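Remarks on the structure that follows.
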Amino acid sequence: MESPIERFRLSQTAKDQLIKLKRYTKIDQWNILCRWAFCRSLAEPSIPSPIPIPADSNLEMSWRVFGGEMADILLVVLKQRCHNDGLGTDKETLTQQFRLHLHRGIGYLAGSEPPIKKIEDLLILALDNTEEETKPKGKKKTRIRG
(Lines give C-alpha, C1' and ligand atoms only; values in the text may rest on other atoms or scores of the structure.)
Protein backbone atom coordinates (compact mmCIF):
# COMPACT_ATOMS: atom_id res chain seq x y z
CA MET A 1 0.00 0.00 0.00
CA GLU A 2 1.34 3.40 -0.96
CA SER A 3 1.78 5.66 2.04
CA PRO A 4 1.11 9.39 1.77
CA ILE A 5 3.89 9.84 4.34
CA GLU A 6 7.22 9.20 2.66
CA ARG A 7 9.68 10.60 5.18
CA PHE A 8 9.42 12.47 8.45
CA ARG A 9 11.76 14.23 10.82
CA LEU A 10 11.31 14.38 14.58
CA SER A 11 11.64 17.40 16.80
CA GLN A 12 14.79 17.73 18.88
CA THR A 13 12.71 17.35 22.06
CA ALA A 14 11.26 14.06 20.80
CA LYS A 15 14.72 12.83 19.82
CA ASP A 16 16.06 13.64 23.29
CA GLN A 17 13.13 11.77 24.87
CA LEU A 18 13.77 8.77 22.62
CA ILE A 19 17.45 8.76 23.57
CA LYS A 20 16.41 8.47 27.21
CA LEU A 21 13.95 5.67 26.39
CA LYS A 22 16.58 3.83 24.34
CA ARG A 23 18.97 3.97 27.28
CA TYR A 24 16.39 2.64 29.75
CA THR A 25 14.70 -0.01 27.60
CA LYS A 26 17.79 -1.16 25.69
CA ILE A 27 15.71 -0.98 22.51
CA ASP A 28 18.31 0.15 19.98
CA GLN A 29 16.12 0.98 16.99
CA TRP A 30 14.40 4.35 16.79
CA ASN A 31 11.61 2.93 14.65
CA ILE A 32 10.54 0.37 17.26
CA LEU A 33 10.25 2.99 19.98
CA CYS A 34 8.41 5.27 17.56
CA ARG A 35 5.90 2.49 16.83
CA TRP A 36 5.30 2.04 20.57
CA ALA A 37 4.79 5.79 20.91
CA PHE A 38 2.45 6.03 17.93
CA CYS A 39 0.29 3.18 19.23
CA ARG A 40 0.33 4.66 22.74
CA SER A 41 -1.12 7.90 21.40
CA LEU A 42 -3.70 6.09 19.28
CA ALA A 43 -4.89 4.31 22.44
CA GLU A 44 -5.98 7.67 23.84
CA PRO A 45 -9.55 8.58 22.88
CA SER A 46 -8.82 12.31 22.56
CA ILE A 47 -7.60 13.99 19.39
CA PRO A 48 -4.05 15.34 19.75
CA SER A 49 -3.84 19.12 20.13
CA PRO A 50 -3.01 20.69 16.76
CA ILE A 51 0.20 22.35 17.91
CA PRO A 52 3.09 23.16 15.60
CA ILE A 53 5.87 20.59 15.92
CA PRO A 54 9.30 21.63 14.68
CA ALA A 55 11.27 19.21 12.53
CA ASP A 56 14.51 20.46 14.05
CA SER A 57 16.45 17.28 14.79
CA ASN A 58 18.67 15.20 12.55
CA LEU A 59 16.52 12.11 13.21
CA GLU A 60 14.66 11.33 10.01
CA MET A 61 13.14 8.09 8.78
CA SER A 62 10.97 6.78 6.01
CA TRP A 63 7.47 5.40 6.54
CA ARG A 64 8.72 1.92 5.55
CA VAL A 65 11.48 2.02 8.17
CA PHE A 66 9.06 3.35 10.78
CA GLY A 67 6.40 0.73 10.11
CA GLY A 68 8.56 -2.20 9.11
CA GLU A 69 6.41 -5.27 8.40
CA MET A 70 3.46 -3.45 9.97
CA ALA A 71 3.64 -0.34 7.75
CA ASP A 72 0.45 -1.10 5.84
CA ILE A 73 -1.46 -2.00 9.00
CA LEU A 74 -0.30 1.18 10.75
CA LEU A 75 -1.41 3.26 7.76
CA VAL A 76 -4.87 1.67 7.80
CA VAL A 77 -5.09 2.29 11.57
CA LEU A 78 -4.11 5.95 11.07
CA LYS A 79 -6.73 6.38 8.33
CA GLN A 80 -9.39 4.75 10.48
CA ARG A 81 -8.48 6.94 13.45
CA CYS A 82 -8.72 10.07 11.29
CA HIS A 83 -12.10 8.90 10.01
CA ASN A 84 -13.33 8.14 13.56
CA ASP A 85 -12.19 11.59 14.70
CA GLY A 86 -14.18 13.25 11.92
CA LEU A 87 -11.06 14.31 10.03
CA GLY A 88 -10.19 13.81 6.41
CA THR A 89 -7.97 11.09 5.05
CA ASP A 90 -6.16 13.26 2.53
CA LYS A 91 -2.35 13.31 2.43
CA GLU A 92 -2.01 16.55 4.41
CA THR A 93 -4.36 15.45 7.21
CA LEU A 94 -2.76 12.01 7.51
CA THR A 95 0.72 13.52 7.65
CA GLN A 96 -0.30 16.08 10.27
CA GLN A 97 -2.17 13.57 12.43
CA PHE A 98 0.69 11.09 12.22
CA ARG A 99 3.19 13.70 13.45
CA LEU A 100 0.83 14.78 16.23
CA HIS A 101 0.18 11.21 17.39
CA LEU A 102 3.85 10.25 17.17
CA HIS A 103 5.06 13.22 19.18
CA ARG A 104 2.25 12.95 21.73
CA GLY A 105 3.05 9.26 22.17
CA ILE A 106 6.76 9.92 22.64
CA GLY A 107 5.87 12.49 25.28
CA TYR A 108 3.56 10.00 27.01
CA LEU A 109 6.22 7.30 27.08
CA ALA A 110 8.94 9.68 28.25
CA GLY A 111 6.74 11.16 30.98
CA SER A 112 4.84 8.07 32.08
CA GLU A 113 4.16 7.39 35.74
CA PRO A 114 5.63 5.19 36.92
CA PRO A 115 8.57 6.02 34.66
CA ILE A 116 9.66 3.55 32.01
CA LYS A 117 12.98 2.20 33.25
CA LYS A 118 13.12 -1.12 31.37
CA ILE A 119 11.48 -2.89 28.45
CA GLU A 120 9.10 -4.71 30.81
CA ASP A 121 7.61 -1.34 31.78
CA LEU A 122 6.47 -0.88 28.16
CA LEU A 123 4.73 -4.23 28.29
CA ILE A 124 3.03 -3.39 31.58
CA LEU A 125 1.84 -0.09 30.11
CA ALA A 126 0.43 -1.87 27.06
CA LEU A 127 -1.26 -4.54 29.15
CA ASP A 128 -2.77 -1.95 31.51
CA ASN A 129 -4.32 -0.15 28.52
CA THR A 130 -5.64 -3.44 27.11
CA GLU A 131 -7.21 -4.38 30.44
CA GLU A 132 -8.91 -0.98 30.71
CA GLU A 133 -10.42 -1.39 27.24
CA THR A 134 -11.71 -4.91 27.90
CA LYS A 135 -13.23 -4.28 31.32
CA PRO A 136 -17.03 -4.36 31.30
CA LYS A 137 -18.43 -0.91 31.93
CA GLY A 138 -20.59 -0.50 35.04
CA LYS A 139 -20.70 -4.13 36.03
CA LYS A 140 -19.59 -5.57 39.32
CA LYS A 141 -17.55 -8.72 39.45
CA THR A 142 -19.55 -11.63 40.73
CA ARG A 143 -17.76 -14.27 42.69
CA ILE A 144 -19.31 -17.72 42.69
CA ARG A 145 -18.66 -19.77 45.76
CA GLY A 146 -19.19 -23.49 45.92
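Things to note:
- Any hit, the stretch 27-41, residues being among the basic types (K, R), surrounded by fewer than 14 Cβ atoms within 10 Å (Cβ to Cβ) and either at pLDDT below 95 or more than 18 Å from L78 (Cβ to Cβ) (or both): no
- For the stretch 1-80, the helices (runs of 4 or more DSSP H) that sit wholly inside it and include 2 or more residues that are of a type in the set (S, T, N, Q) and within 22 Å of K91 (Cα to Cα) are 30-42.
- Verdict on E69 being touching a strand residue (DSSP E or B) at 6+ places or on another chain (Cβ under 9 Å), closer than 29 Å to E120 by Cα and modelled with pLDDT of 95 or more: no
- Among the residues examined, Q96 qualifies as among the polar types (S, T, N, Q), assigned to a helix (DSSP H, G or I), farther than 21 Å from D128 by Cβ and out of contact with any Cys (no Cβ under 8 Å at 6 or more places or on another chain).
- Restricting attention to the stretch 81-93, the residues being part of a helix (DSSP H, G or I) and under 17 Å from W63 (Cα atoms) number 3.
- The stretch 48-59 residues that are in contact (Cβ under 8 Å) with a residue 40 or more places away in the chain, paired with ones that are part of a loop (DSSP other than H, G, I, E, B) (beta carbon under 8 Å, 6 or more apart): I53/S11; P54/S11; A55/L10; A55/S11; D56/S11; S57/L10; S57/S11; L59/L10
- Selection within the stretch 19-42 - among the hydrophobic types (A, V, I, L, M, F, W, C) and out of contact with any strand residue (DSSP E or B) (no Cβ under 9 Å at 6 or more places or on another chain): I19, L21, I27, I32, L33, W36, A37, F38, C39, L42
- The combined condition, being within 24 Å of I116 (Cβ to Cβ) and in contact (Cβ under 8 Å) with a residue 24 or more places away in the chain, is fulfilled by L33.
- Among the residues examined, L125 qualifies as surrounded by 12 or more Cβ atoms within 10 Å (Cβ to Cβ), part of a helix (DSSP H, G or I) and over 11 Å from the mean Cα position of the chain (by Cα).
- Residue in the stretch 9-23 that is among the small types (G, A, S) and loosely packed, with under 14 Cβ neighbours inside 10 Å present: no
The values are calculated or read from the model by the stated rules, or taken from the named source; none is laboratory data. Values in this document were obtained by computation on a predicted structure and should not be read as measured data. Because the Cβ atoms are built from the backbone with ideal geometry, glycine has one as well, and the counts that use them run over all protein chains shown.
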